Structure formats: structure tokens, C-alpha cells
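What follows is a short report on a single structure.
Coordinate-derived values only; no laboratory data. What you see is a predicted model, and the numbers here were worked out from it, not measured in a lab. Neighbour counts run over all protein chains shown; Cβ positions are idealised from the backbone, glycine included.
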């Protein structure tokens, strides 16, 4: 009888332990659970190299809706120009020949555009009807 009582006491002790854990667990329902899955760490790096592009030539899919209120001279033939900006800088393309016009895109260093006209204030009109400052265009590709 002694071993039967010992087994009953052990079973009763285990049952009380399970019930106690259940009561404790019920009281913690609204608290966040701890994820025991292996953790991973994320490393963020910052690069200081100049951005590059895989585009060789700008060809805008948009049409310019800006009303022409300036004078421009059509070139005898289309000419390809290269963006000559510092590495990491961009050349803005605009709806008109000046910085007051809306910017519609950018060119990176060495990217090409085809121009068809020149304005009296030093801007080139692209084949798509947008404008880039001649200050930042060159007939020769930039050197490394």
C-alpha cells in the first residue's frame, strides 16, 4: 500500500503542478510571448560610391505639354550629347529652357541624349521635346 500511496501522491503533485502552470499562463494572455526561434541580425551598410546606370541613351516616353514662349533654332541634324556632371550628380531635364520649368527627369554622368534645337539662352531641346542646359552637355564622353 505504501507504493500505491506514493504513486498517488506523485500523480496528485503532477496534476497540481500542471494546474498551477495553467493558472499562471491564463494570467499572461495579454502579454507578449517570447519567440524562441533562432534570431538573425541585420547589418545596414552605407555606400559612398557614385550611382551608375545601365541606360546608354535617354529616350523619354512622355510628350511635352509646355507651350513654347521662347526662341529656339533647329539644328541642321540631330546631335548626340553626353551628360557631363560630377560622379554622383545628376543633370535635370526640364519642360522648358530654364530652371523655373518643371523637372521631368534626370541624366547621370555619361548618359546620352539626342538634341534637335538650341535656345537663345543656352539650353538644348531633346528629340523628345525636353530641355537640358548646355553647360552640362558635351560632345565627348566624360573620362573616368
Taking 113, 104 and counting other C-beta atoms within 10 Å, the order from fewest to most
104, 113
Honestly segment 67-144 on the Cα gyration tensor test (a ≥ b ≥ c root eigenvalues; a/c under 1.5 rounded, otherwise a/b vs b/c for prolate or oblate) is just oblate
Descending packing, highest mean Cβ count within 10 Å first, for 80-90, 64-74 is 80-90, 64-74
